[in-house]
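Worksheet: one structure, shown below.
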Amino acid sequence: MDKYLIVGLGNVGDEYELTRHNTGFMVLDAFAKASNISFEDKRYGFVAETSLKGRKVILLKPSTFMNLSGNAVRYWLNKENIDQSRLLVISDEVALPLGQFRLKAGGSNGGHNGLGHIQQLIGQNYARLRMGIGNEFPRGMQVDWVLGRYSDEELKELQPSIDTAVEMIKSFVLAGIDVTMNQFNKYGRGSKNR
């Protein structure tokens with residue numbers, strides 16, 4: 001059976017819930033809810049499993065804290081014997097406006113601590129979905145911004161993109177990275193009118 005590892009980046013703990021840096025967790029929570037599965041506390045993270053048309057999908061929310069995310073990713077890839085081409089990592093991205101997203105087959109970490117640590121351990125040859133959180137912060141205040149909570153208005157604006165990201169995960173598993181990039185990147189933000 002083909003296996004896929006879908007990783008949402010974030011920080012564990014109530015104080016980080018609904019913060020911008022936890023957007024990856026939020027996408028996985030939405031996917032799990034839509035699939036009617038729940039996360040279990042396992043080694044290096046919270047894990048949920050489902051299958052899509054005979055393909056096994058493992059969702060991972062690392063419990064290592066953001067800057068050590070690579071430990072969890074590497075462990076679960078090895079444990080489940082999953083090829084890196086079947087890894088998708090979902091992270092927040094300050095360089096994109098809130099509600100926009102960008103799917104890429106590989107590339108640099110863009111200064112993101114979680115992606116940086118993953119890259120240190122497994123290289124940069126893996127798919128990543130970057131979810132825009134905007135950058136409406138004064139110079140030097142990036143940490144406060146990414147660790148700040150979304151307002152209710154922002155969550156409303158973000159929701160269509162989270163819904164779209166759930167569809168993108170399914171497409172990644174069923175159709176592959178290239179088809180998914182072609183289909184979704186042209187929209188660049190969540191939209192009900194497809």
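Using a cutoff of 8 angstrom between alpha carbon atoms and counting only pairs six or more residues apart, the relative contact order for region 1-70 works out to 42 percent.
For region 1-69, the C-alpha radius of gyration sits at 1.08 times the compact-globule guess of 2.2 N^0.38 Å, with N the residue count. On the chain, 45 percent of the accessible area sits on carbon and sulfur atoms, based on a 1.4 Å probe. Within the chain, the longest segment free of exposed loop sites, counting GluC sites (Glu not before Pro) that fall outside DSSP classes H, G, I, E and B and have at most 15 other Cβ atoms within 10 Å, spans 18-135. Annotation: extensible slack from LYS170 through SER151 equals 4.0 nm (criterion: 0.36 nm per residue apart, minus Cα-Cα distance). Shown here for region 92-173: trypsin sites (Lys or Arg not before Pro) in loop regions (DSSP other than H, G, I, E, B) with at most 16 other Cβ atoms within 10 Å, namely ARG139. Mean separation of Cα pairs under 8 Å and 6 or more residues apart, divided by the residue count, gives region 31-92 a relative contact order of 20 percent.
Each Cα pair under 8 Å and six or more residues apart adds its sequence gap; the mean of these over the residue count of the chain is a relative contact order of 25 percent. Measuring between alpha carbons in the structure, the pairs from LYS56/LYS170; LYS42/LYS104; LYS3/LYS79; LYS56/LYS79 lying more than 18 angstrom apart are LYS42/LYS104.
Using R0 = 30 Å, the C-beta based FRET efficiency linking LYS53 and ILE122 works out to 0.65. Compute the Cα gyration tensor for the chain, then decide on rounded, prolate or oblate, letting a ≥ b ≥ c be the square roots of its eigenvalues: rounded whenever a/c is under 1.5, prolate when a/b is larger than b/c in the other cases, and oblate in all that remain. Cα axes put the chain in the rounded bin.
The values are calculated or read from the model by the stated rules, or taken from the named source; none is laboratory data. Nothing here was measured: the structure is a model prediction, and the numbers come from that model. All Cβ positions, even for glycine, are placed from backbone atoms using ideal geometry, and neighbour counts span all protein chains on display. Side chains included, ligands, DNA and RNA excluded: accessible areas come from the protein's heavy atoms. Shrake-Rupley method; radii C 1.70, N 1.55, O 1.52, S 1.80 Å.
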